[in-house]
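The values are calculated or read from the model by the stated rules, or taken from the named source; none is laboratory data. The structure displayed is predicted, hence computed values, not measured ones. Virtual Cβ from ideal backbone geometry, glycine too; neighbours counted across all protein chains shown. When the accessible area is computed, the model is the full protein with side chains, heavy atoms only, and any ligands, DNA or RNA have been set aside. Shrake-Rupley method; radii C 1.70, N 1.55, O 1.52, S 1.80 Å.
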Amino acid sequence: MTTITHRFVAAERALRTAAPHQLLDAVRRVLTDQYAADSVELFLADYGLTVLQPVSVLPRTLPPVSVHNSPAGRAFGAQEPYVEALSGDLVRVHLPVTVRGDRLGVLTVTLPGGGHADGCLGELAEIAQVLGHEVVVAERDTDVYLQARRRDRLTLAAEMQWQLLPGRSCARPEYELGAQLEPAYAIFGDNFDWSASADRLSLYVTNGMGEGIEASLLTNLAINALRNARRAGLPIEDQAALADQAVYAHYRGRCYLSVLMLDFDLATGQVRVVDAGSPRMLRLRRGAVERVPFEAQLPLGMFEETDYVVQEFRAEPGDRLVFVSDGVYDVASPGGEAYGDAALTRAIQATRLLPAAEVPRAVLRELTGHRGESTPDDDALVVCLDWRGR
């Protein structure tokens with residue numbers, strides 16, 4: 001076994017055998033022993049995607065690092081290792097910690113520069129990926145990493161919503177997805193959900209009703225009803241019908257939920273759609289942005305035993321699809337002007353060169369500028385899908 005293989009295997013074994021709350025300690029030990037690292041730190045992206053929060057024993061001893069204008073933030077945004085030169089022949093290497101396109105944070109390693117750093121950069125990048133997988137698994141058994149992501153305290157409703165989400169980005173050869181909710185620490189009922197198999201991608205974009213705990217409870221019921229029907233192998237129109245019955249049985253029409261449901265055929269790009277409410281979809285194709293209208297049907301749970309009809313369209317390689325809730329297009333400026341399709345079109349054009357995972361955050365930043373200093377009175381949800389096809 002070569003030295004390179006031996007030390008990588010040692011790092012991987014150390015992570016896989018570490019206690020869930022001790023992953024950082026384990027990677028520190030092995031990088032110090034096997035790679036002559038001077039220091040090792042793990043930063044996780046906060047819920048608002050504005051800073052990278054250090055993982056350390058409370059109270060934290062390191063300050064947060066900006067996602068926008070820092071070396072670690074550069075590695076996080078570009079999803080490429082970034083090497084920062086230090087004094088004394090040392091370098092600081094910032095490595096993206098990402099799991100199947102879901103960007104968790106950055107592993108920062110200080111070590112001797114020159115040929116030593118160049119020779120082990122690829123191995124360190126792979127170790128950062130292994131660390132990401134172990135963090136995801138460890139979150140079942142410890143709160144350490146969930147706590148580290150919090151720049152502020154989450155409301156209970158926001159806690160429930162974040163636990164319901166699949167992630168904030170994912171990637172496969174056929175597509176890339178990114179999504180973000182605001183206000184991140186006090187969201188109510190907006191939601192997104194996705195799931196992929198060998199041949200299909202299911203995507204739900206949900207516009208919640210109400211506020212606080214009641215909104216989260218409604219969304220939890222609807223999303224779990226949809227998942228239950230999807231996992232039973234039912235087509236999306238039947239998924240919608242069963243979720244509609246579940247919500248109506250509990251609320252008897254007092255509360256209901258708007259959802260846009262899409263089922264993508266990964267081989268052909270053919271998309272089956274059920275539009276049960278208000279989330280909107282805009283498409284960037286060959287440089288032009290247009291809103292894609294669907295026949296609006298009743299929200300889930302408004303009436304008993306609603307039947308849902310499927311519509312279809314085809315996604316072409318190179319298409320960018322952007323989905324938004326009414327907390328985006330209805331937001332008013334200080335002068336009373338709604339954000340609307342025109343502003344959304346400008347935002348989509350302005351972010352056309354960004355990867356899908358970066359687009360929601362960029363659009364929501366522009367939305368904040370449009371709103372001004374007023375406090376948001378609704379959730380804002382943006383989901384971006386880049387379609388490559390096969």
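At-a-glance table
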read-out: Search result, residues across the range 333-390 that are among the aromatic types (F, W, Y) and touching a His at 6+ places or on another chain (Cβ under 8 Å); value: Y339
read-out: Residue that is farthest from T155 (Cα to Cα), among those in the range 174-195 that are more than 15 Å from the chain's Cα centre (by Cα) and surrounded by fewer than 22 Cβ atoms within 10 Å (Cβ to Cβ); value: E174
read-out: Matching residues in the range 102-120 - criterion: being modelled with pLDDT of 95 or more and either in contact with a Ser or Thr (Cβ under 6 Å, 6 or more places away or on another chain) or open to solvent by 50 Å² or more (accessible area, probe 1.4 Å) (or both); value: D102, R103, T110
read-out: Those residues of the range 318-352 which are part of a helix (DSSP H, G or I), of a type in the set (G, A, S) and under 13 Å from L364 (Cα atoms), in sequence order; value: G327, A343, A347, A350
read-out: Selection count where residues are touching a residue at least 60 places away in the same chain (Cβ under 8 Å) and in contact with a Lys or Arg (Cβ under 7 Å, 6 or more places away or on another chain), scope the range 51-78; value: 4
read-out: Some residue of the range 312-322 being open to solvent by 40 Å² or more (accessible area, probe 1.4 Å) and either under 28 Å from A184 (Cα atoms) or in contact with a helix residue (DSSP H, G or I) (Cβ under 8 Å, 6 or more places away or on another chain) (or both); value: no
read-out: Within the range 243-300, tally of residues that are open to solvent by 50 Å² or more (accessible area, probe 1.4 Å) and over 26 Å from L353 (Cα atoms); value: 10
read-out: Residue satisfying all of: in the range 67-95; within 17 Å of S39 (Cα to Cα) and in a helix (DSSP H, G or I); most open to solvent (accessible area, probe 1.4 Å) among these; value: P71
read-out: Filter result for the condition that a residue is touching a residue at least 40 places away in the same chain (Cβ under 8 Å), among the aliphatic types (A, V, I, L, M) and open to solvent by less than 10 Å² (accessible area, probe 1.4 Å), over A215, A171; value: A215
read-out: Tabulated pairs, the range 111-132, first over 13 Å from L15 (Cβ atoms), second open to solvent by less than 40 Å² (accessible area, probe 1.4 Å) and part of a loop (DSSP other than H, G, I, E, B), C-beta under 8 angstrom, 6+ apart or interchain; value: L111/A37
read-out: Selected residue [over 16 Å from W162 (Cα atoms), over 19 Å from the mean Cα position of the chain (by Cα) and touching a residue at least 40 places away in the same chain (Cβ under 8 Å)] from G233, G210; value: G210
read-out: Of the criteria (1) surrounded by fewer than 22 Cβ atoms within 10 Å (Cβ to Cβ); (2) charged (D, E, K, R); (3) closer than 29 Å to A222 by Cα, which one E123 fails; value: (3)
read-out: Index of the failed condition, G210 passing every other in (1) crowded, with 23+ Cβ neighbours inside 10 Å; (2) on the phi > 0 side of the Ramachandran plot; value: (1)
read-out: All positions within the range 1-31 that are of a type in the set (V, I, T), modelled with pLDDT of 95 or more and open to solvent by 70 Å² or more (accessible area, probe 1.4 Å); value: T17
